[in-house]
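First comes the structure, then the notes that go with it.
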Amino acid sequence: MRSILIVNDDGIKADGLIRLATLAKTLGEVWVVAPDDQRSAASHAISLHSHVDVFPHDFPVEGISAFSCSGTPGDCVRVGCLNIMPHKPDVVLSGINAGFNVATDIQYSGTAGAAFEGAFQGCLSIAISEEANSCGEVSDKYLPEILEELVGQKLGYGQIFNVNIPGCPLSDFRGILRDRTVSHGMFYRDRYKKTADLPNGGVRLEVDGIYNEDCESGTDFRAVVENYISIGIVNNLG
């Protein structure tokens with residue numbers, strides 16, 4: 001039987017993690033190792049100079065062994081592959097993230113970072129993200145068949161599948177686009193705003209992004225803003 005490790009960056013209690021674990025049970029034996037709290041934008045960070053604490057965790061999906069981890073999403077993959085599971089999984093699924101991971105946002109994504117760690121561990125790895133505040137209709141209908149399609153495929157070293165799902169109702173959904181390239185754009189053109197003056201000449205800053213949908217045709221970014229599911233291969237190292 002195929003073995004599957006599921007991780008995320010939104011935490012062990014996230015709805016997207018629970019939904020993904022429920023779907024994945026039809027594909028094989030499922031294990032969950034997820035952060036004990038929110039770890040978005042952790043990218044591919046791992047804990048080298050501090051310990052990570054791992055605990056068995058109650059999980060609302062029957063038949064799944066679940067663990068919480070004090071570290072990053074990347075730590076969760078490493079702990080799962082190298083310590084928790086009896087052998088390395090065949091597949092690592094990361095998600096379902098609350099919010100798209102397309103274009104330049106991929107480099108910051110803890111969801112993508114965990115998938116890249118899975119690839120480095122020698123596992124077929126898939127990052128799955130969904131528009132924030134989604135109604136869930138598109139993912140509920142189409143994600144099972146997408147996972148069935150992807151888990152039997154092979155990728156090169158350092159590569160992951162990156163799946164992004166629009167949050168629109170089915171009536172507005174336009175289809176599935178495969179082989180999407182990574183856009184050079186960004187959903188938010190970042191800037192910083194000052195929120196306080198600090199002692200000794202310091203300032204307190206917060207990101208204050210400007211929303212943007214300008215992006216190239218044929219890309220992951222263009223697909224999701226036009227209410228398509230985007231499936232593409234993303235390369236890291238190698």
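Summary table below
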quantity: Rough spin-label spacing in nm, given labels placed 7 Å along Cα→Cβ, for residue 197 and residue 174; calculated: 5.0
quantity: Kyte-Doolittle mean at least -1.0 and Cα axial length at least 18 Å: DSSP H helices in the chain; calculated: 137-150
quantity: Dipole of the chain, positive end: most advanced residue of 156, 167, 142 [Cβ charges, Cα centre]; calculated: 156
quantity: Sequence-separation-based contact order of the stretch 146-217, relative, with Cα cut under 8 Å and 6+ spacing, percent; calculated: 25
quantity: Candidates 210, 84, 176, ranked by Gaussian network fluctuation over the chain, Cα under 10 Å, top entry; calculated: 210
quantity: Residue of 156, 167, 11 that the Gaussian network model of the chain assigns the largest fluctuation, springs spanning Cα pairs under 10 Å; calculated: 156
quantity: Residue-averaged 222 nm ellipticity for the chain, from DSSP H runs of 4+ at -39500 (n - 2.57), nearest 500; calculated: -6000 deg cm²/dmol
quantity: Length-normalised contact order for the chain - Cα pairs under 8 Å, 6+ apart - percent; calculated: 18
quantity: Student exercise, the chain dipole from Lys, Arg, Asp, Glu Cβ charges, in Debye to nearest 20; calculated: 440
quantity: Chain lengthening between residue 233 and residue 47 when straightened (0.36 nm per residue, less Cα-Cα); calculated: 64.3 nm
quantity: Potential extension, residue 153-residue 212 segment - 0.36 nm per residue separation minus Cα distance; calculated: 17.9 nm
quantity: Where labels lie 7 Å past Cα in the beta-carbon direction, separation of residue 181 and residue 104 in nm; calculated: 1.7
quantity: Extension gain (nm, one decimal) between residue 145 and residue 226, 0.36 nm per residue minus Cα-Cα; calculated: 27.1 nm
quantity: For the stretch 102-238: relative contact order, % (alpha-carbon pairs under 8 angstrom, 6 or more apart); calculated: 30
quantity: Entries of 25/154; 25/88; 141/193; 13/194 with Cα pairs more than 29 Å apart; calculated: 141/193; 13/194
quantity: Separation of alpha-carbon centers, the stretch 29-76 and the stretch 126-162, rounded to whole Å; calculated: 20
quantity: GNM flexibility winner over the chain from 21, 115, 45 (Cα, springs under 10 Å); calculated: 45
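The numbers here are math on the coordinates, done by the rules we state, and not lab data. This is a predicted model, so every value here is computed, not measured. Every residue, glycine among them, receives a Cβ derived from its backbone with ideal geometry; neighbour counts consider all protein chains shown.
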